[in-house]
1. So which helices (runs of 4 or more DSSP H) are wholly in region 567-679 and hold at least 3 residues that are loosely packed, with under 12 Cβ neighbours inside 10 Å?
2. I'd like the full set of residues that are within 21 Å of Pro315 (Cβ to Cβ) and either within 12 Å of the ligand (Cβ to nearest atom) or of a type in the set (S, T, N, Q) (or both), limited to region 224-238.
3. Quick one: in region 306-334, which of the residues that are closer than 26 Å to Val356 by Cα, part of a strand (DSSP E or B) and within 15 Å of the ligand (Cβ to nearest atom) is modelled with the lowest pLDDT?
4. Identify the residue in region 130-160 that is more than 18 Å from Leu57 (Cα to Cα) and hydrophobic (A, V, I, L, M, F, W, C) and, among all such residues, is nearest to the ligand (Cβ to nearest atom).
5. Determine if region 353-362 includes at least one residue that is among the polar types (S, T, N, Q) and assigned to a loop (DSSP other than H, G, I, E, B).
6. Please specify each residue of region 99-140 satisfying the condition of being under 18 Å from Phe317 (Cβ atoms), among the small types (Gly, Ala, Ser) and over 32 Å from the mean Cα position of the chain (by Cα).
7. Are any of the residues in region 341-352 surrounded by fewer than 16 Cβ atoms within 10 Å (Cβ to Cβ) and assigned to a strand (DSSP E or B)?
8. As an exercise: evaluate Leu491 against (1) touching a Gly at 6+ places or on another chain (Cβ under 9 Å); (2) surrounded by fewer than 20 Cβ atoms within 10 Å (Cβ to Cβ) and give the number of the one condition it does not meet.
Amino acid sequence: MIDAASIQSTMAALVAQVEAYNYAYFVADNPLVPDSEYDRVYQALVKWEQDYPAYCLPYSPTKRVGGAKAASFRSVQHSVPMLSLDNAFSDEEVFSFGQRLMERLKTLAIGAEGGLIFAAEPKLDGLAVSLLYRSGEFIQGSTRGDGQTGEDITRNLKTVRNIPLKLRGDAIPDLLEVRGEVFMTKGGFQALNRRQKDAGDKLFANPRNAAAGSLRQLDPEITRARPLQFYAYGNGQVQDWPLPSSHSLVMAQLATWGIPVPPISAVVQGIEGCLHYYHALRLKRDQLPYDIDGVVYKVDDIAYQQALGFVTRAPRFAIAHKFPAEEQLTQVLAIDFQVGRTGALTPVAHLTPVLVGGVHVSNATLHNIGEAHRKDVRVGDTVIVRRAGDVIPEIVSVLTDRRLAGMLPLELPDACPVCGGVVTKPVDMAAARCMAGLSCPAQLRESLKHFVSRKALAIDGIGDKWIEQWVEKGLVRNPSDFYHLTLPTLLQCDRMAERSAHNILQAIEASKQTSLARFLYALGIREVGEATAKALAKHFLTLEAILAADADALRQVTDVGPVVAEALTLFCHDKANLNVIQALREAGVSWPSVSAEAVSDNPFKTKTVVLTGTLEHLSREDAIERLQRLGAKVTGSVTRKTTWVVVGANAGSKLARATELGVETLTEDQFLTKLQASE
Ligand code: I6G
């Protein structure tokens, strides 16, 4: 018979262990154990809690499960109001903010002659929430609401994996209110929308809407299935915690208690420092895993903050400097269909030009006819157009209440707008396709562009204009024709100089030595992207084996599902495709035959390498390919398991993380020397 004290201490130890694993995985980005070990400890805790429910700890990680559906949310009164922030939309407005601060401090007889120090942080595009901890235990979570009264969403917030249910470390205050943003990463959002689509459910317009919709669920089980995350931006009420002297120290202390804080915050000098941070982050914005809609600057010194105080609904000491809007209203002038490499017909809307996110936009993709019909976009419509980073602008939705009579639904053309070939659209598919293959000039042009592109056979110097001319003149009818181009033929082309012709022929010759993965990718097989091509090459080792594989054999490869397997088998059974492959090989395109044995010993073998910043002497793709050939694993984030971080120009947060974790860094020169010595 086990005594009560032993039950309690065993359960507390299991809770602490699972929480430590959670913290390492979700907050520190440094998993301590494999998933299987995590599951084992977690299940052990579940078992103890089932056997001894009376001893269940309220902050046990098993309490992250949702539980029963609620009828409504209870109201929560914020004892310290949850304010909003004033906005600035230009550098000038930020300078005025700085000037206002200096003037006010002067009237308060506070000298800040040396200039002000600011805490600068990303403004996440999420939902502001408050988390209340009593004696380190998470007891209540609420929305911002109108700033005075929010809604109690404790059970939903408990399902957000990186919110600690119990704080770590020492000197934990009796009461601590943490404020921050709940958001969805871009990757999480895409995965969620894929699942929504597969289940025939409504798609979310953007990560913010998805996060908002997920948090305000009466059924916490639904919230639990959504990939939400949290980053703190400050504190609300506290008891028994003498506040540190600066905002940055507050954030550092929150982090030591296990609360996630944005890793890319900075302490900067003066308004110039703020603007430098803003412009640097704006350039990096697309590479961040989550959406941000601007940055926030706060006077770092808490004594100054208190002296500056508040206006009605916003602190005087802080401002949000917004990025240019990524969504705007405009009108659809016309819709036409473009034919892509695989024959897919993409409806493209031509728009009244509009400035979106600082860029003039006059066209937007509708992706496919299914999507165009789902959004019911018509010529003449007023639409919301969105441009996020490098992504092609797209139409988010239509303002149907502005539609006039006589504006008709979009129709799919019967024939290909480029070659007049047959267009088909299987009923269960969203996309329509021209079936003419490489005899359709549009498909031929796009296939050739793909074939020469950087990640395919990387033939330098063959720009789109040359391909268009060669297709028009009938000089290239499939990729193998590149290898039969001659100097006299090239010199007959409009505006072709002798030097360019030589360079092109040299690049074509050089491209004959390639890798199986690049060759596969270059073929432009539907559904076979760069990663799938690499996986296929790694698995089968020879082209012959891939061509001979049936759907079952193909599905043994990581990431190859039924759709990819079907596309591949279709491709490999098409006589025309096999002829092109043969012609390419006869023209001399080849790759080293790979033996099944592991790569030979070298310093990179089995090591984990992260590349950060801009490399001057080799492209990222080259570096990755060469490292992988040497048996290294190239990953995107720095953890304790990283062996080397290769630091290029303008490296940012990954370098900081490497320094923090004590991971060895290599300059580009050191990296190249090591690489060359290993090859
Ligand atoms: O740093 C912040 C980020 C986002 C904030 C903030 C915010 O609201 C969504 N709100 C306040 C009131 C403060 N900082 C001080």
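1. 575-586, 668-678
2. Tyr231, Ala232, Tyr233, Gly234, Asn235, Gly236, Gln237
3. Lys322
4. The extreme case among them is Leu131.
5. Within region 353-362, none of the residues are among the polar types (S, T, N, Q) and assigned to a loop (DSSP other than H, G, I, E, B).
6. Within region 99-140, Ala109, Gly111, Ala112, Gly114, Gly115 qualify.
7. yes
8. With (1) touching a Gly at 6+ places or on another chain (Cβ under 9 Å); (2) surrounded by fewer than 20 Cβ atoms within 10 Å (Cβ to Cβ) applied to Leu491, the lone miss is (1).
The values are calculated or read from the model by the stated rules, or taken from the named source; none is laboratory data. Model, not experiment: these values are computed from the prediction. Cβ atoms come from the backbone with ideal geometry, glycine included; neighbour counts cover every protein chain shown.
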